[in-house]
Amino acid sequence: MAERPPARDGLPDRPGLLGLFVRHATLANLLLAVMVVVGLYSAPRLRAQFFPDTVVQQIQVSVRWDGAGADDVDRSVVGVLEPALMAVEGVALTESQASQGAARITLEFEPDWDMSRATGEVETAIAGAGDLPEGTEDPEVTRRAWRDSVTDVVISGPAGLDQLGRIADDLTGRLYARGVTRLTVTGLSAPETLVELRMADLVRHDVTLEQIAATIAAAAAPTPAGDVAQGGSRVRTGTETRSP
């Protein structure tokens with residue numbers, strides 16, 4: 001069998017890509033340099049994160065039935081609503097929970113599903129599911145959103161809760177001005193106002209505790225009046241009460 005004659009540079013004339021690099025020694029170095037330059041150029045633009053983005057599209061249906069046991073809630077509320085909700089188009093998974101005085105049904109939809117359309121179809125399915133037992137409140141439909149938590153900021157120091165709350169509000173405003181629009185403040189108790197009455201005053205003015213409570217609730221409760229454009233800012237009407 002005849003041997004392949006050597007190439008002009010003294011190296012065997014090998015076919016293919018390997019032979020090309022063997023015959024041209026500088027080609028491999030040039031390719032390596034190009035790969036290094038492209039890698040250094042692309043490194044700052046790589047998007048890295050510890051946990052990948054997970055988009056979970058869910059709608060939660062909650063029903064309250066004060067005084068009912070878990071078995072009654074499961075049979076008379078979940079058993080009526082769940083079959084109708086499972087038939088909603090786009091539902092990939094359903095999860096129901098019946099407890100003392102309440103029921104919760106969670107619907108998970110397929111990726112990239114139109115959730116505005118899904119909310120309307122869920123409300124339509126609830127309306128056509130059948131009558132719920134007497135004493136149950138109207139079902140509450142909530143569209144749930146799952147988001148990654150970026151960071152926690154802890155505010156502490158030798159100050160009262162009211163002062164820490166003002167500091168947290170100021171920090172929230174600064175972060176919002178920088179473009180951070182998803183913020184949650186936790187750890188602060190809501191302010192409470194205690195109204196104490198003497199029985200003699202109630203008799204003298206001929207009023208009851210229920211009437212006083214209704215008057216206070218009507219004066220303190222703001223009324224929703226819609227949203228402003230697409231910024232998610234809620235508008236409320238009413239009188240802002242800051243003193244007794």
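Sort 30-39, 113-122 by packing, meaning the average of other beta carbons within 10 Å per residue, with the highest value first.
Put in order of decreasing packing, that is 113-122, 30-39.
7 Å from Cα along Cα→Cβ at both E108 and T151: what's the point-to-point distance in nm?
3.1
At 0.36 nm per residue, minus the direct Cα-Cα distance, what do A87 and I167 gain on full extension? Give it in nm, one decimal, please.
Stretched out fully, the A87 to I167 stretch lengthens by 23.9 nm.
Along the Cα→Cβ direction, 7 angstrom out, place labels at I216 and E192. What is the inter-label distance in nm?
1.1
Could you pull out every residue, at least 5 positions away or on a different chain, whose amide H is within less than 5 Å of the one on Q57? Hs are placed 1.01 Å off N in the peptide plane, and Pro or chain starts have none.
Those qualifying (amide H under 5 Å, at least 5 residues apart or on another chain) are F109.
³J(HN,Hα) across the range 29-41 via Karplus (A = 6.51, B = -1.76, C = 1.60, θ = phi - 60°), whole Hz, x for Gly/Pro?
5, 5, 5, 5, 5, 5, 5, 5, 5, 5, x, 5, 6
Quick one: which residues, 5 or more positions from A68 or on another chain, have an amide H under 5 Å from its amide H? H modelled 1.01 Å from N in the peptide plane, none for Pro or chain starts.
G101
No value in this document is a laboratory result; all are computed from the given coordinates. For clarity, every value in this text was computed on a predicted model and none was experimentally measured. Virtual Cβ from ideal backbone geometry, glycine too; neighbours counted across all protein chains shown.
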